[in-house]
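The values are calculated or read from the model by the stated rules, or taken from the named source; none is laboratory data. Keep in mind that this is a model prediction, so the values were computed, not measured. Neighbour counts are summed over all protein chains in view; Cβ atoms, including those assigned to glycine, are modelled from backbone coordinates with ideal geometry.
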């Protein structure tokens, strides 16, 4: 009898864990650089360690809704300046890698002409 009472919480825990780790199906493609350049970023977030990041949430040219982030130079004054600089940085994108699955999400990495990471789209 005691074993049944111990088995029930374990079963509930495992069922809850299985639901929490549902893996998203792999998207067919990352948002294209052309679509990202056309739409741009419309918000910016400040992170104490990294500084400003330009952001937008959109389907772009895919079926899925992606969160797009682009790095902004540290010499940024405020949110409006960060949005303007983020959109300027989008013009520098030249390559995309992905989608890569990681931590129950899909990521697409956007590089500049020197093949250095400049932006990222995340599907959660």
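Tabulated results
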read-out: The stretch 83-100, subset within 15 Å of residue 34 (Cα to Cα) and part of a strand (DSSP E or B), residue farthest from the chain's Cα centre (by Cα); value: 95
read-out: Checking residue 106 against (1) more than 11 Å from the chain's Cα centre (by Cα); (2) over 13 Å from residue 37 (Cα atoms), the condition it does not meet; value: (1)
read-out: Hits in the stretch 31-82 (condition: surrounded by 14 or more Cβ atoms within 10 Å (Cβ to Cβ), modelled with pLDDT under 95 and not in a strand (DSSP E or B)); value: 72, 76
